[in-house]
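This report concerns only the one structure given below.
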There are 2 protein chains.
Amino acid sequence: MSRDERYILIALGGNAFQSKGDKGTPEDYWRNAYRAAETIVRIVKEGYRVVVTHGNGPQVGIIMEWMERSKDKIPPLTMDIAGAMTQGWLGYLLAQSISNVLLREGVKDSVKGVVAVVNQVEVRRDDPAWSNPTKYVGSWYTEEEAKKLAAEKGWIFKPDPRGGYRRVVPSPNPFNNVEVSAIKRLVDDGWIVVASGGGGIPVVRNDDGSLQGVEAVIDKDLAGEVLATSLGVGTFVILTDVDGVYLNFGKPDQKKLDVVMVSELEKYYKEGHFAPGSMGPKVLAAIRFIKNGGKRAMIGHLYNGYEVIKGRSGTTVLPI
Amino acid sequence: MSRDERYILIALGGNAFQSKGDKGTPEDYWRNAYRAAETIVRIVKEGYRVVVTHGNGPQVGIIMEWMERSKDKIPPLTMDIAGAMTQGWLGYLLAQSISNVLLREGVKDSVKGVVAVVNQVEVRRDDPAWSNPTKYVGSWYTEEEAKKLAAEKGWIFKPDPRGGYRRVVPSPNPFNNVEVSAIKRLVDDGWIVVASGGGGIPVVRNDDGSLQGVEAVIDKDLAGEVLATSLGVGTFVILTDVDGVYLNFGKPDQKKLDVVMVSELEKYYKEGHFAPGSMGPKVLAAIRFIKNGGKRAMIGHLYNGYEVIKGRSGTTVLPI
């Protein structure tokens, strides 16, 4: 696959599955998935060949909470397995809703179908993230509850900016998508592939070359960049719940970037304009994609996904 | 793909993930998955091209129990979504353990890797199973608890032969594997594919052609047959926790079938030799596979999987 701008990897944020005020019923999940599917199909109809990835933060949190609340009876499983479960769950929602929207829109010849794959992503054993967990997962606790759980389980808690204490887990840097050549084969064959869900199932490689799951959650945009770069797609689009990248975000002098050169964006990134765990990894993923040879990276609001691709909304990052 | 006997679909029973006495810890799951992986790799080393499917009964039960026990806080999801989660969970266990054993055994050239796909399987809206639920899922309850839940939720309970009452759900007949052409593409390309997990995510087709999940659990051997037949594999192997097919099973005059012609096996099946929900669907799956043009179907013990393929253990079903 060449660096063709019409090959596109779309990274969907949490609002592909949850909107404000949702209770998290099956109906809520489907309604949101269909909304994301409509954006994706509109892009497909423009002639793009599409690969889709998605986050899983709230859903991996739900599974971990299920495990925690039932641990008197059912032994809790590990975070890599919980991540794998979210790939089945969310991959199914996306595959079915995208294929139903393709059918409704009469898209036949250009797409064979939609398929989600269970997908491992490799991180390093010596990643500095292991000693500095930053990614919030699971429920909110009081300080007292958090201290008790920390003592019992060795978990690490941090105060959440939204209030309360939450468990934090390492978020090591992804560098290899294990099943990339299967994904490439399917994309080349005309399938829309859902892959690297939730940043991928986190694995490390042992000295003998074998893979092993680890207790971590990988950032889905950074993992999406690894997949986008190794597939060789030309365009990488991050769709989230803000309408683009801002300097001085939330301050009186905030300024939205419409089109920005990667060198300029990297300067802003180093100046600390973008919040870690929020816009930070999205901007970093876009920078890496362009520096690794990508043609265009876009960051914008999911509900304006089509306009983002067209460059009429969001932020476009270009080479040089 | 021709009806080549060296293309094989292996259906793994529950003992691929759980052994007697297991508590269901992550270590238990991995130990069992590695044991199954060793059997599969031994078959791969014989030159077979392998597709793998697996059951999910206990695991879908665990997820439904998690949901039930946390319903005060987290809205329970539907059974199709729970099934999709088990495909992620168990597909990951199998993909990682098989690929690690392939590496350890030095299998390189013949296999590109192992990949699990999220896979929907179509059933019919007018299947008689909808009005006669038979498949046990989830926890065991007392008669009183079962009556209460039945009144509250409209669930149907039946006494379990192992004691207590359990929810029963419909197990409609599978007839179409939705993602089969993606699976075929990957198999032809040299991948070991894990597919149709737990009998597949159950879906029906609406009048407009769209797919929709339904509250059911499909028998994994019957769904495995649908996949095996539509892939055109020559050999279909069902590995379980008994060492073959018996007439008068459990009676003093029980007799194991070593090699049996499909016409004879069908006669025994119609005579009611095989327990519904147990050996019955396995025998039916083998019969269908051969009648649909398959060359050989085998049923035997997982731990003797290699000998089963070689015809030295288990039961072999042949055409005519």
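The values are calculated or read from the model by the stated rules, or taken from the named source; none is laboratory data. Predicted, not measured: the structure shown is a model, and the values here were computed from it. For neighbour counting, all protein chains shown are included, and Cβ atoms are generated from backbone atoms with ideal geometry for every residue, glycine included. Note: accessible area is taken over every heavy atom of the protein model, side chains too, but ligands, DNA and RNA are not part of it. Shrake-Rupley method; radii C 1.70, N 1.55, O 1.52, S 1.80 Å.
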Among the residues of the stretch B:223-244, is any at pLDDT 95 or above, within 12 Å of another protein chain (Cβ to nearest Cβ) and on the phi > 0 side of the Ramachandran plot? no
Which one of A:Gly55, A:Gly24, A:Gly14 is open to solvent by less than 10 Å² (accessible area, probe 1.4 Å) and in contact with a helix residue (DSSP H, G or I) (Cβ under 8 Å, 6 or more places away or on another chain)? A:Gly24
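Need a quick list: strands (runs of 3 or more DSSP E) entirely within the stretch B:102-221 having at least 2 residues that are surrounded by 19 or more Cβ atoms within 10 Å (Cβ to Cβ) and more than 14 Å from every other protein chain (Cβ to nearest Cβ). Outline the logic, then answer.
Working: elements: B:113-118, B:120-122, B:135-141, B:156-159, B:165-169, B:191-194, B:201-205, B:211-213.
Because the criterion is at least 2 residues that are surrounded by 19 or more Cβ atoms within 10 Å (Cβ to Cβ) and more than 14 Å from every other protein chain (Cβ to nearest Cβ), the strands (runs of 3 or more DSSP E) in the stretch B:102-221 that meet it are B:135-141, B:165-169.
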Looking only at the stretch B:68-95, and only at residues there that are aliphatic (A, V, I, L, M) and within 7 Å of another protein chain (Cβ to nearest Cβ), the one that is farthest from A:Ala116 (Cα to Cα): B:Ile74
Identify all residues within the stretch A:154-188 that are touching a strand residue (DSSP E or B) at 6+ places or on another chain (Cβ under 6 Å) and under 12 Å from A:Asn119 (Cβ atoms); write none if there are none. A:Pro174, A:Asn176, A:Asn177, A:Val178, A:Glu179, A:Ala182, A:Ile183, A:Leu186
Checked against (1) within 24 Å of B:Gln87 (Cβ to Cβ); (2) touching a Phe, Trp or Tyr at 6+ places or on another chain (Cβ under 9 Å), A:Ala37 satisfies every condition except (2)
Residue by residue through the stretch A:1-31, note down the ones that are of a type in the set (Val, Ile, Thr) and within 17 Å of the chain's Cα centre (by Cα). A:Ile8, A:Ile10
May I ask you to list pairs of residues, at least six apart or on different chains, whose Cβ atoms are under 7 Å apart, with the first in the stretch B:158-173 being under 22 Å from B:Leu222 (Cα atoms) and the second being among the polar types (S, T, N, Q)? B:Val168/B:Thr134; B:Ser171/B:Thr134
Keeping to the stretch B:56-95, report how many residues are without any contact (Cβ under 8 Å) to a residue 12 or more places away in the chain and part of a helix (DSSP H, G or I). 2
With respect to B:Arg185, is the statement that it is free of Cβ contacts under 8 Å to residues at least 24 places away in the same chain, under 16 Å from A:Ile183 (Cβ atoms) and not hydroxyl-bearing (Ser, Thr, Tyr) true? yes
Are there any pairs with C-beta distances below 8 angstrom linking a residue in the stretch B:198-210 that is free of Cβ contacts under 8 Å to residues at least 60 places away in the same chain to a residue that is open to solvent by 10 Å² or more (accessible area, probe 1.4 Å) and of a type in the set (A, V, I, L, M), with the two at least 6 apart or on different chains, and if so which? B:Asp208/A:Leu103; B:Gly209/A:Leu103; B:Ser210/A:Leu103
Hey, does the stretch A:39-49 have a residue that's open to solvent by less than 30 Å² (accessible area, probe 1.4 Å) and among the small types (Gly, Ala, Ser)? no
Could you check the stretch B:150-165 and list, in sequence order, the residues that are modelled with pLDDT of 90 or more and in contact with a Phe, Trp or Tyr (Cβ under 8 Å, 6 or more places away or on another chain)? B:Ala150, B:Phe157, B:Lys158, B:Pro159, B:Gly164, B:Tyr165
Candidates A:Val52, A:Val41, filtered to the one that is within 14 Å of chain B (Cβ to nearest Cβ), touching a residue at least 24 places away in the same chain (Cβ under 8 Å), of a type outside the set (Gly, Ala, Ser) and outside any strand (DSSP E or B): A:Val41
Hey, can you tell me all the residues within the stretch B:189-210 that are in contact with a strand residue (DSSP E or B) (Cβ under 9 Å, 6 or more places away or on another chain), farther than 26 Å from B:Pro58 by Cα and of a type outside the set (Gly, Ala, Ser)? B:Trp191, B:Arg205, B:Asn206
